[in-house]
Each structure stands twice: as structure tokens, then as C-alpha cells.
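Right, one structure below, let's go through it.
The values are calculated or read from the model by the stated rules, or taken from the named source; none is laboratory data. These figures come from a predicted structure and were not determined experimentally. Note: accessible area is taken over every heavy atom of the protein model, side chains too, but ligands, DNA and RNA are not part of it. Shrake-Rupley method; radii C 1.70, N 1.55, O 1.52, S 1.80 Å.
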Amino acid sequence: MREHTQTVSIGNVVIGGGNPIRIQSMTNTRTEDVEATVAQILKLEQAGCEIIRCTAATPEGADAIAKIKPQIHIPLVADIHFDHRLAIRAIENGADKIRINPGNIGGPEKLAEVVRAARERNVPIRVGVNSGSLEQEILAKNGGVTAEGLVESALDKVHRIEDMGYDNLVISIKSSNVMMCVRAHELIATQTNHPLHVGITEAGTVSSGNIKSALGLGLILNQGIGDTIRVSLTGDPVYEIKSAKLILRTLGLRHDGIEVVSCPTCGRTRINLIDLAEKTERLVEEYPLSIKVAVMGCVVNGPGEAREADLGIAGGDGVGLIFRKGEILRKVPEAELLQALKQELDGMLKA
């Protein structure tokens, strides 16, 4: 389905039309604090963020966009609620896209002013609806929050903007109810060709939020639905990027970065595999390679799994075998396994 959505340019990033699914996050700094916001965005860029959203909740926040943009390298989306003047101000200060809920921006005339400003600069509008913002009439009609209600609300707002002669739009419908969110995306994908930004809102902490997001995004993306994603977590937004990359790689929708596989440990394990696997995950983040690395703990499954990887460790009793593409390279004492793995990665990077 993604190849049938229309394309939208967000700065120098194009989404929709079968283009790669882009990873988004949102800053949690005060946007008015330009130094802190830029520092966080640069950190997110390094982690792999491709589109960043900042709140523009005050005039100073909207004006800060003009100072932030020259210092970053990815498109910036301004997030606005309630005050249409802030949306216009964000556009004038160079926002690459704005995120609004047309239902709370102040009425048809004020929405028209925002659309006019966006049209003048060809700035895309992300129409956002979530389960906490549904209109009372839709809630009453459906007996509460439903997937059908989310879709009806979103499409009603999209049609309002389209009727104003503007269709440079992205749609976002989110719920913290995973299966409701999945159903809503299945419904809306058949009723519009606007690109979709996908996420499970208010998913929770890094631990629980990752599980809910992986399930929800996996079910949605595996059907060919979705053009950009955000993994919404209560924590450092860098974790959102790491999780999003892993979800996309697991689904076969991305092939960049190193995939680490490791066994769950058992009574046969004779090396400190948990520590080794965690250190390996941190180590490989430094390498721009598209490979699979296996960290295995025993001689039962270890050698076979390690042979299937591009690079691997199969643990023994205080030692480990280093494998590369199915070939045993050498036996290494446990204390030297991580360094040996790093040497092989360095070699692959230079090759």
C-alpha cells in the first residue's frame, strides 16, 4: 500500500510513494532553550533520527525555530495546539512541516489562515488525531473511543483542509490501545492516499512501551501501511530511535546497521554472556556496517548460530571461538572476546 500514497517533501526528506519509512522523534527540551534543543537534536541525528518534531507552545518557541534550523541537519516539524498564530509564526520561521489538530486550532477562519500560510511556502501539514482528542459527537455516536471514530475524525479534518484547496498533508491517528490503533490504520489506509505517520501514543516506559510499540507497529507496517514512524517512550528520546531502527530491521524494511543476536543463556553457559552481549550492542553502534553479529553462550547452539552470522562468538568454558562467515578464526580467552570482536569489525570496515 505504501507505494500508492502520494509523496510529501519535508525539507529534503521525501516520504510516501514507496520511499523508505522515515524515523521520527520529538524533543523534550524547552524549544525556547535553543542550545539545549540543538544539542538534543544532534544527539538524535547521531542515533539515526531522520525527522525531528519540536513543540511551539509559545511565541518564543516558534521564533526559536529560526535559530535551531541552521544548526541541525534533519527536517524540523513544529507541533502546535490551540493557537493558530503560533502555527503561522512557526511557518514563517522556517518549519519544514507543522503538526496541528484542526479541531482545536480555533475554528474554520483561523484554520484557513494557517492553510494559507502553509500554501504560500508549500509547507506540509500533519493532521493529528488521537484517542484523547475525539469530538463529543463522535464519542456519542460510537459509544466511546473506537477505531472507526478515529478514522472519521481524521478524515473530516483532512477534508476541511482539502476543501480549502490544499492537499500537501500527512495523517496521524494514534491510540494507546494497540489493537484499536492497528484497526484504525487498516481502515484509513483504504480511504485515503495521504501518507501516514504511525505510532502507538502514550505507549509507556522504555520497557513496556517497546513491547506495545513493537507489536502495534509490526502489525501495521507488515501490511504495507505507514510512511513514517515514531516509537513513543517515556524516557530519553534516543531510545525511541534505537527501537524504531530495530523494528524496521526486524520486519525487513531496513537493512542498515548491525543486527546483534544472542542466546538467552542457560545452565550450559560458561562465560558472562549477558555482560558480553550488552557490551557488544553498545560497541556495534559505532560501525556503519549492514551485517549480523551473533553472541552465543555454549557449544550446543553456539557454533551453528555463529556460523550463520557475518561475525560471531561461540562461548566455551572461559573461552570463545571467533567466527567470520562460517569460518573459525581463532580461540580467544573470555576476557579478550570483546576486543577480538572489535578487531574483526575494524577489519570489515576497512575492507
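Residue by residue through region 286-295, what is 3J(HN,Hα) from phi via Karplus (6.51 cos²θ - 1.76 cosθ + 1.60, θ = phi - 60°)? Round to whole Hz and write x for glycine and proline.
7, 10, x, 10, 10, 9, 10, 10, 10, 10
Amide H of Val260 versus every other amide H placed in the peptide plane: which residues, excluding those fewer than 5 positions away on the same chain, fall under 5 Å?
Val293
From the helices alone, meaning DSSP H stretches of at least four residues, give me the mean residue ellipticity at 222 nm for the chain, per-run term -39500 (n - 2.57), in deg cm²/dmol to the nearest 500.
Calculated mean residue ellipticity at 222 nm is -12500 deg cm²/dmol.
Rounded to two decimals, what is Rg over Rh for region 214-344 when you use alpha-carbon atoms and the Kirkwood radius?
Numbers: Rg = 16.2 Å, Rh = 15.8 Å.
When Rh is taken as the Kirkwood radius, the ratio is 1.03.
Roughly what % of Cα-Cα distances in region 127-177 sit above 14 Å, to the whole percent? Let's see the in-between values first.
On the way: 619 of 1275 pairs.
Looking at region 127-177, the distances longer than 14 Å represent 49 percent of pairs.
Could you sort Phe82, Phe323 by their accessible area in this structure, using a 1.4 Å probe and putting the largest first? Display every interim value, and only then the final one.
Details: Phe82 150, Phe323 0 Å².
The ordering from most to least exposed comes out as Phe82, Phe323.
At a threshold of 8 angstrom on Cα-Cα distance, excluding pairs fewer than six apart, so keeping six or more, what relative contact order does the chain reach in percent? Working shown, then result.
Working: 706 pairs, mean separation 42.9, N = 351.
Reported as a whole number, the value is 12 percent.
From the Cα trace of region 118-206, what convex hull volume per residue do you get, rounded to a whole Å³?
Working: hull volume 9.4 nm³, N = 89.
So the per-residue hull volume is 106 Å³.
Return, for the Cα atoms of region 179-281, the radius of gyration and Dmax in Å, separated by a comma.
Rg and Dmax of region 179-281, Cα atoms, are 16.2, 56 Å.
Any idea what diffusion coefficient region 55-145 gets from Stokes-Einstein, in µm²/s, Kirkwood Rh on alpha carbon pairs, 25 °C, 0.890 mPa s? Show your work: numbers first, answer last.
Details: Rh = 13.8 Å.
Taking Rh from Cα pairs, D becomes 178 µm²/s.
Enter the per residue convex hull volume of the chain, computed from alpha-carbon coordinates, in Å³ rounded to the nearest integer.
Working: hull volume 50.2 nm³, N = 351.
Per residue, the Cα convex hull of the chain comes to 143 Å³.
Taking amide H positions as placed 1.01 Å from N in the peptide plane, with prolines and chain starts having none, which residues 5 or more places from Asn130, or on another chain, fall under 5 Å of its amide H?
Distant-sequence amide H within range of Asn130: Lys174.
Pull up all non-local amide H partners of Ile10: gap of 5 or more, or a different chain, and H-to-H distance under 5 Å with H placed in the peptide plane.
Residues meeting the criterion, in which the H sits 1.01 Å from N, are Ile15.
Computed over the Cα atoms of region 174-235, what is the convex hull's projected area averaged over all directions, in nm²? All intermediate terms of the calculation are to be shown ahead of the outcome.
Details: hull surface 14.5 nm².
Over all viewing directions, region 174-235 projects a mean Cα-hull area of 3.6 nm².
Which order do Lys350, Lys110, Lys342 take when ranked by solvent-accessible area (1.4 Å probe, heavy atoms of all protein chains), largest first?
Details: Lys350 175, Lys110 85, Lys342 65 Å².
The most accessible residue leads, giving Lys350, Lys110, Lys342.
Spelling out what I want: for every residue of region 248-262, take phi, set θ = phi - 60°, compute 6.51 cos²θ - 1.76 cosθ + 1.60 (Karplus), and round to whole Hz; glycine and proline get x.
Working through the residues one at a time gives 5, 5, 4, 7, x, 9, 9, 10, 9, x, 8, 8, 9, 10, 8 Hz.
So what does Cys263 come to for accessible area, using a 1.4 Å probe and Å² rounded to 10?
Here the accessible area works out near 30 Å².
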